[in-house]
């Protein structure tokens, strides 16, 4: 049996419709070599269903069976027989035995938004992107937080400090608006923002008020009050900060500015994803008010830290609940023990749950009309796994009823499958099935630059095994919208990983992140990012050559006026290629060839076949690729879309000959090649 000819996946070529409704009939297909199999069976719940050969080509046979689905997930695999030979086929390919963990799964009624499939996303850490409105900048000593005063950084090009959380460079939504032409020209389709709600930190994962955009990122129309005097650490005296973030005129003006901003983004054909931090809030939060920001403000109920009679008392878990502990009861539960990140107490507070669901609904509904949520530490929410699942099921119902096309995307490390069964999250930030395998293969570095593994650098077997295993934890609709990043706000910049320096900025210094980087390896990674299943997501500044060790060094400012223009142009070209060919959004992926330092894979659908070849060695490599496995004719031609090599890149036209179903290419050091099957009439 020619096992290399066997193929199936969850795309519409092999499951039609690929996102079926409940109780809908589905056609399942399977591919074998021509006249090679005697029996092909779809196996569901240990029952074998014989498939019918419905199509024969020059090289392949195609088998099909139709099944009426119900309302529950439909799990299946394939059994192929030829004479005495038997093998099985699952989400990780050919197997000599049944491995139920790798069964295919189709979930009736589950679909992910069409716009998000393969969408080019751009992550913005707002404070570091662009300062469009200096009038809303945080001032020196505007307030006190985690052992020091807030600070305004006046040198845009200065590297982040080791303790960076309360230092502000002035980036805001107006700055993003000012750069929409740039982002649109780059080819960006979705803007994903780190949190932008009222919060005291620059990262804003310590939400102070979920109802409003932070006026420091929005609009300050009513200013006044005083900054803290030197030596004064009491935020009850931070009247300037109080005015800025509690005055309804500032809050409402900032929300209105966000409405106008989203309208402009939508007018340009782009989308907006917000960051939802629902596991914990911040100690400044109006529900707790540990910093006594709201204690004397009109229109605000007392916080649970301030008063035992606070309407928000049940929102938090207090370990000492005797009334004499108030006012100013600091015995609340903090996430991982952090008193600046109070853990939200959902199990004991139906009111809190209802409030958060209103927030989830509010921001994806008119007039705000955000297009989705990214969920911070989503698996940590609640105090039990049972409640966590209950919460996200309700969350999905609320969000999808408000906006059926909203994307629900969770931060998650490890196996996400129990949340991706069609009734909770749509998808995840794709660490395990993209960022980590790509990083290990191309750089041999751990994603924080905390470890180097030369045994994994260029290790194609490890790459294929890891990526197949982790991709199998997601159904196809989730894979197609998964967030494929090379870098983000929690990990070192990918370009820095190419220098193989192990450590953090506190030990090595900021300049070490810039030294001996390999831009050619970065381009290899971008080629993979723009041609792999999922939504390629550029972390702001990666395209401009920004370096940095992990948090906080990865949060450097965008280098306006000092960009790596060639790297930007390369990103623009790869994004153009990604968007031009629909196969990158919903097509199959198939590994064709892999060996030390070399990968070759195909993206295919009914109309297009594209092959990607990577050489991650420091020497020229001759690579033979069996493109016949991607259903490219045994004899013919392919044309080059992109070739990146050590010294640069080119998109100049060049043809490659297919002989006996193979192409042979000479790949330069640290190179990436993208080839398209030539159309007989149009090329």
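Every number here is computed from the coordinates shown, using simple stated rules; none is lab data. Just so you know, these numbers come straight off a predicted model, no measurement behind them. Quick reminder, even Gly has a Cβ in these numbers, built from the backbone with ideal geometry, and neighbours come from all protein chains shown.
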If you fit an axis through the alpha-carbon atoms of helix 385-402 and take the longest principal axis of the Cα set of the chain, what angle between them do you get, 0 to 90°, nearest 10? 90 degrees
Scattering profile of region 287-354 from the Debye formula, Cα beads only, expressed as log10 I(q)/I(0) at q = 0.17, 0.19, 0.25 Å⁻¹, is -0.56, -0.70, -1.16
Computed Kirkwood radius, in angstrom, where 1/r is averaged over Cα pairs of region 419-505: 13.6 Å
To the nearest 0.05, what FRET efficiency results for residue 507 and residue 454 with a Förster distance of 25 Å applied to their C-beta separation? 0.75
Given only helices, namely DSSP H runs of n ≥ 4 each adding -39500 (n - 2.57), what is the per-residue ellipticity at 222 nm of the chain, to the nearest 500 deg cm²/dmol? -6000 deg cm²/dmol
If you line up the long axis of helix 248-267 against the longest principal axis of the chain, both from Cα atoms, how many degrees apart are they, to the nearest 10? 20 degrees
Quick check of the Kirkwood formula: for region 98-155, what is the inverse mean of 1/r over all pairs of different Cα atoms, in Å? 17.2 Å
Taking alpha-carbon centroids only, region 535-561 lies from region 387-407 a number of Å equal to 32 Å
Förster radius 41 Å - calculated FRET efficiency between residue 563 and residue 56, Cβ distance, rounded to 0.05: 0.15
Rounded FRET efficiency, nearest 0.05, which uses the C-beta distance separating residue 84 from residue 268 and R0 of 41 Å: 0.10
Roughly what percent of Cα-Cα pairs across region 275-411 reach past 18 Å? 56 percent
Starting from the exponent 0.38 and prefactor 2.2 Å, build the expected Rg for region 3-109 from its residue count and divide its actual Cα Rg by it. 1.01
If you average the C-alpha positions of region 320-348 and of region 132-208 separately, how far apart do those two centres end up, in angstrom? 29 Å
Please arrange 426, 209 by how many other C-beta atoms lie within 10 Å of their C-beta, fewest to most. 209, 426
Expected output is a single nm value to one decimal: the length gained when fully extending between residue 49 and residue 249, i.e. 0.36 nm times separation in residues minus the C-alpha distance. What is it? 65.4 nm
Taking 0.36 nm per residue of sequence separation and subtracting the Cα-Cα distance, how much length would be gained by fully extending the chain between residue 347 and residue 468, in nm to one decimal? 39.9 nm
With a cut-off of 8 Å between alpha carbons and a minimum separation of six or more residues, what is the relative contact order of the chain in percent? 10 percent
Between the modelled labels at residue 2 and residue 146 (7 Å from Cα along Cα→Cβ) the distance in nm is 5.9 nm
When only alpha-carbon atoms are used, what values of Rg and Dmax, in angstrom, describe the chain? 26.7, 87
Relative contact order (%) - region 201-266, alpha-carbon pairs under 8 angstrom, separation at least six: 39 percent
Between residue 211 and residue 328, what length comes free when the chain is fully extended (0.36 nm per residue of separation minus the Cα-Cα distance, one decimal in nm)? 39.7 nm
May I ask for the distance between the Cα centers of region 469-495 and region 265-281, given as a whole number of Å? 18 Å
Relative to the first principal axis of the alpha-carbon coordinates of the chain, what is the inclination of helix 519-531, with its axis defined by its Cα atoms, in degrees from 0 to 90 and to the nearest 10? 80 degrees
Computed Rg/Rh of region 587-677, alpha carbon atoms with Kirkwood Rh: 0.94
So the pair-distance distribution of region 506-547, from every Cα-Cα distance in 10 Å bins, comes to percents of 24, 45, 24, 6
For the residue pair residue 606 and residue 222, what label-to-label distance in nm results when each label sits 7 Å from Cα along the Cα-to-beta-carbon direction? 5.9 nm
